[in-house]
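**Q** Here it is: the structure, laid out below.
The values are calculated or read from the model by the stated rules, or taken from the named source; none is laboratory data. It should be emphasised that the depicted structure is a prediction, and the values quoted were computed from it without experimental measurement. Here Cβ is always computed from backbone atoms with ideal geometry, including for glycine, and neighbour counts include all displayed protein chains. Surface areas here come from the heavy atoms of the whole protein model, side chains and all, with no ligands, DNA or RNA. Shrake-Rupley method; radii C 1.70, N 1.55, O 1.52, S 1.80 Å.
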Amino acid sequence: MTAQGVVSLPGNELKPFLDRRRYSAFVTPRLQVDAFLRDILSKASEFVPAQAGSILMDRALERGSTASATKLYFVAAFGPAAEGLLGRSLLAEDGIVGYVYRTGKPYLMCNPHKDPNFFADFDESSDFETQNIIAVPVRIERTVCGVLELLNRASGRRFSKKDLKLLEIFASYTSVSIENLLDAQRANEMARRDDLTGLYNDRFFHHRLTEDLVRADVTGSSVGLLFLDLDNFKDVNDTHGHLAGSQVLKEFGYLLSRTIRAEGGTLARYGGDEFVVILPGQSTEDALKTAREVTTALRQTSFLQGTFSWAEGPIFWDRPLTCSIGVAAYPEHVPRTGTTDLKKNLLLRAADQAMYDAKADGKDQVKVSGAL
């Protein structure tokens, strides 16, 4: 079987499945794993020819404390019902896949009518009839993150214990390949990321802003820019120490990544308690709306709530955390003349000055640049 017969979720939708905390506290990069997963399934069926097969994975950040609270999603599949499976899920308490995921043990099923773990729902919703299954766990280090299953041996015979052993060997190779893929990407990504918040660092921010301005000139489009500074951040450090301040910066970085979903946007920590956001294709009005969404989310969020390893007891910060935001947009506030480096510096200065205007006017607000 060739890779053309295997389908998978697109790369951008696979990101949550590869967000594994083992790989430190940076935001998991966008990994090009769709072709990788299709190749895995294709080669698995070369090892053990089958009529259908799939890879199911959990989402690490959504994993529940029980099997009934954890979902396994079809991220890649081949066979007559493959297209309809992608993105669907089942609970980790259900079926043979759920059993393999929970126990970490391989499984051979030769008779669906007599197997207590067989889950018939997917057969009932398609024209496919499952006759036999082999399924093995996929691990990252010691943690099971998914299951690789093959259905109905292609020869018409039932799967054997030898087939199961071959698939186990192949799954071990798959696990190592995933680890290597993540580790290689991590090494590349660490140079771009801020260690504390997981957002991009200022060096990568300048690189990306240059790229976006060049693209805007080529396509005749715009670039919005937000410059954010936390208000009264010093109060946190003075009250609970700098480790508490670092925790607040982490939490604020997470709030930004959760709130700002603009396509192609770049979120970066500029330094200290200052943050910048590039919004390709956004006008001043668009960027202003995004900035207001941040201030709204911030007012609805409590920071420093609970127990932390660096504190002797629980902390419940009862004061609001606010920020001042400056908004500028290219070419509305910076002309399309001069070098790209000059445009970049002028746009950054315009947003920065608007942020200082917000500070001077009472903080906890958004100001639009008056440049140009």
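**Q** Answer yes if at least one residue in the stretch 142-158 is closer than 30 Å to R269 by Cβ and not aromatic (F, W, Y), and no otherwise.
**A** Yes, because at least one residue in the stretch 142-158 is closer than 30 Å to R269 by Cβ and not aromatic (F, W, Y).
**Q** Kindly indicate whether any position in the stretch 343-350 is surrounded by fewer than 21 Cβ atoms within 10 Å (Cβ to Cβ), assigned to a loop (DSSP other than H, G, I, E, B) and not basic (K, R).
**A** no
**Q** Could you say which residue among F233, F252, F204, F227 is more than 18 Å from S324 (Cβ to Cβ) and not polar (S, T, N, Q)?
**A** Of F233, F252, F204, F227, the one residue that is more than 18 Å from S324 (Cβ to Cβ) and not polar (S, T, N, Q) is F204.
**Q** Sticking with this structure for a sec: If a residue has to be closer than 25 Å to R63 by Cβ and either within 17 Å of the chain's Cα centre (by Cα) or of a type in the set (S, T, N, Q) (or both) to count, how many in the stretch 147-183 make the cut?
**A** The number of residues fulfilling the criteria is 10.
**Q** So, in the stretch 76-101, of the ones that are under 23 Å from the mean Cα position of the chain (by Cα), closer than 18 Å to D34 by Cα and without any contact (Cβ under 8 Å) to a residue 60 or more places away in the chain, which residue ends up most open to solvent (accessible area, probe 1.4 Å)?
**A** R88
**Q** F170 is checked against (1) in contact with a Phe, Trp or Tyr (Cβ under 7 Å, 6 or more places away or on another chain); (2) among the aromatic types (F, W, Y); (3) open to solvent by 70 Å² or more (accessible area, probe 1.4 Å) and fails just one. What number does that condition carry?
**A** Status for F170: all satisfied but (3).
**Q** Suppose we filter the stretch 351-372 for residues that are surrounded by 14 or more Cβ atoms within 10 Å (Cβ to Cβ) and either charged (D, E, K, R) or outside any helix (DSSP H, G or I) (or both); how many remain? First the steps, then the outcome.
**A** Start the filter on the stretch 351-372 by keeping residues that are surrounded by 14 or more Cβ atoms within 10 Å (Cβ to Cβ), which leaves 351-359, 363-369, 371.
Okay, now just the ones that are also either charged (D, E, K, R) or outside any helix (DSSP H, G or I) (or both), so 352, 357, 359, 363-369, 371.
Residues that pass the stated criteria total 11.
**Q** How about the stretch 130-177: which of its residues are in contact with a Gly (Cβ under 9 Å, 6 or more places away or on another chain) and without any contact (Cβ under 8 Å) to a residue 24 or more places away in the chain?
**A** Hit for the stretch 130-177 is R142, nothing else.
**Q** For the stretch 160-171, does any single residue satisfy the condition of being out of contact with any Cys (no Cβ under 9 Å at 6 or more places or on another chain) and within 30 Å of I278 (Cα to Cα)?
**A** Scanning the stretch 160-171 turns up no residue that is out of contact with any Cys (no Cβ under 9 Å at 6 or more places or on another chain) and within 30 Å of I278 (Cα to Cα).
**Q** If you don't mind, there's one more thing I want to ask. Taking the options F233, F205, name whichever one is touching an Asp or Glu at 6+ places or on another chain (Cβ under 7 Å) and open to solvent by less than 50 Å² (accessible area, probe 1.4 Å). Working first, answer last.
**A** Working: F205 fails: touching an Asp or Glu at 6+ places or on another chain (Cβ under 7 Å).
Checking each option against the conditions leaves just F233.
**Q** If you scan the stretch 103-117, which residues turn out to be touching a strand residue (DSSP E or B) at 6+ places or on another chain (Cβ under 6 Å) and farther than 13 Å from E168 by Cα?
**A** Quick first cut of the stretch 103-117, residues touching a strand residue (DSSP E or B) at 6+ places or on another chain (Cβ under 6 Å) only: 104, 106-109, 115.
M109, D115 - these are the residues of the stretch 103-117 that are touching a strand residue (DSSP E or B) at 6+ places or on another chain (Cβ under 6 Å) and farther than 13 Å from E168 by Cα.
**Q** Could you check how many residues of the stretch 124-134 are outside any loop (DSSP other than H, G, I, E, B) and open to solvent by 20 Å² or more (accessible area, probe 1.4 Å)?
**A** As a first pass, look at the stretch 124-134 and keep what is outside any loop (DSSP other than H, G, I, E, B): 124, 133-134.
After this cut, where a residue has to be open to solvent by 20 Å² or more (accessible area, probe 1.4 Å) as well, the list is 124.
Of the residues in the stretch 124-134, 1 are outside any loop (DSSP other than H, G, I, E, B) and open to solvent by 20 Å² or more (accessible area, probe 1.4 Å).
**Q** Here's something else I'd like to know. Give just the number: which of (1) small (G, A, S); (2) open to solvent by 10 Å² or more (accessible area, probe 1.4 Å); (3) out of contact with any helix residue (DSSP H, G or I) (no Cβ under 8 Å at 6 or more places or on another chain) does S177 not satisfy?
**A** Only one criterion is unmet by S177, namely (3).
**Q** Follow-up question, since we're still on this one. Among the residues of the stretch 135-158, is there at least one that is among the hydroxyl-bearing types (S, T, Y), assigned to a loop (DSSP other than H, G, I, E, B) and surrounded by 12 or more Cβ atoms within 10 Å (Cβ to Cβ)?
**A** No, there is no match, as no residue in the stretch 135-158 is among the hydroxyl-bearing types (S, T, Y), assigned to a loop (DSSP other than H, G, I, E, B) and surrounded by 12 or more Cβ atoms within 10 Å (Cβ to Cβ).
**Q** Considering the stretch 77-86 alone, what residues qualify as being in contact with a Leu (Cβ under 6 Å, 6 or more places away or on another chain) and part of a loop (DSSP other than H, G, I, E, B)? It would help to see each step written out before you state the result.
**A** Step one: of the stretch 77-86, the residues in contact with a Leu (Cβ under 6 Å, 6 or more places away or on another chain) are 77-78, 86.
L86, the sole residue that qualifies.
**Q** Next up: Scanning for something within 25 Å of the chain's Cα centre (by Cα), β-branched (V, I, T), buried (at least 21 other Cβ atoms within 10 Å of the Cβ) and at pLDDT 95 or above, does the stretch 59-75 turn up at least one residue?
**A** Checked against the condition, which is being within 25 Å of the chain's Cα centre (by Cα), β-branched (V, I, T), buried (at least 21 other Cβ atoms within 10 Å of the Cβ) and at pLDDT 95 or above, the stretch 59-75 yields no hits at all.
**Q** Between a residue in the stretch 311-337 that is over 20 Å from A358 (Cβ atoms) and any residue that is open to solvent by 10 Å² or more (accessible area, probe 1.4 Å) and of a type in the set (V, I, T), which pairs come within a Cβ distance under 6 Å, given they are 6 or more apart or on different chains?
**A** P314/T307
**Q** Just wondering, is there one or more residues in the stretch 206-216 that are under 27 Å from R261 (Cβ atoms), assigned to a helix (DSSP H, G or I) and small (G, A, S)? Before the answer, list the steps.
**A** Here is the first cut: in the stretch 206-216, the residues under 27 Å from R261 (Cβ atoms) are 206-216.
Applying the additional criterion that residues be assigned to a helix (DSSP H, G or I) yields 206-216.
Subsequent filtering for residues that are small (G, A, S) retains 216.
Yes, the stretch 206-216 contains a residue that is under 27 Å from R261 (Cβ atoms), assigned to a helix (DSSP H, G or I) and small (G, A, S).
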